[in-house]
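Q: Submitted below is the structure of interest, expressed as structure tokens.
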Amino acid sequence: MSKRTILGVLQTNRVKTAPDIQEVFTEFGCLIKTRIGLHEVHNSACSPSGLILLELIGDESQINAMEEKLLSFEGVIVKKMTFSEFID
């Protein structure tokens with residue numbers, strides 16, 4: 001049975017946390033199948049917050065380790081969905 005995990009990563013201060021978040025994404029890059037970044041952009045400025053959606057595949061303990069690292073940063077909120085019955 002295949003599993004797919006979706007992580008929603010909300011950064012409340014993108015400018016401060018983006019380098020650290022990117023470092024975690026690089027460390028666990030082999031788990032990331034799909035990455036989508038969403039943030040508000042206006043004519044005058046970019047939003048200070050941002051939402052990143054990750055589709056993850058692979059070892060559950062590694063996915064949990066990635067989630068824990070992301071949660072260690074101030075101003076980062078992570079929500080997780082796991083689809084345990086997925087048809088390939």
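Q: I'm trying to understand the selection: among the residues of region 13-55, which are of a type in the set (S, T, N, Q), under 13 Å from the mean Cα position of the chain (by Cα) and not in a helix (DSSP H, G or I)?
A: 34
Q: Yes or no: residue 44 surrounded by fewer than 12 Cβ atoms within 10 Å (Cβ to Cβ) and within 15 Å of residue 80 (Cβ to Cβ)?
A: no
Q: Are any residues in region 1-40 more than 14 Å from residue 52 (Cα to Cα) and of a type in the set (Phe, Trp, Tyr), and if so, which ones?
A: The answer is 28, and nothing else.
Q: So, one more: For the list (1) out of contact with any strand residue (DSSP E or B) (no Cβ under 7 Å at 6 or more places or on another chain); (2) more than 14 Å from residue 4 (Cα to Cα); (3) modelled with pLDDT under 95, I need the number of the one condition that residue 49 fails.
A: (1)
Q: Return only the number of the condition from (1) over 14 Å from residue 4 (Cβ atoms); (2) touching a Ser or Thr at 6+ places or on another chain (Cβ under 9 Å); (3) at pLDDT 95 or above that residue 54 does not satisfy.
A: Failing condition for residue 54: (1).
Q: Is there any pair linking a residue in region 63-86 that is of a type in the set (S, T, N, Q) to one that is not in a strand (DSSP E or B), with Cβ under 8 Å and at least six apart or on different chains, and which?
A: Correct list of pairs: 84/1.
Q: Sticking with this one: Taking into account only those residues within region 1-33 that are without any contact (Cβ under 8 Å) to a residue 60 or more places away in the chain and touching a helix residue (DSSP H, G or I) at 6+ places or on another chain (Cβ under 8 Å), which is farthest from residue 84 (Cα to Cα)?
A: Ranking the qualifying residues of region 1-33, first place goes to 21.
The values are calculated or read from the model by the stated rules, or taken from the named source; none is laboratory data. Keep in mind that this is a model prediction, so the values were computed, not measured. Neighbour counts are summed over all protein chains in view; Cβ atoms, including those assigned to glycine, are modelled from backbone coordinates with ideal geometry.
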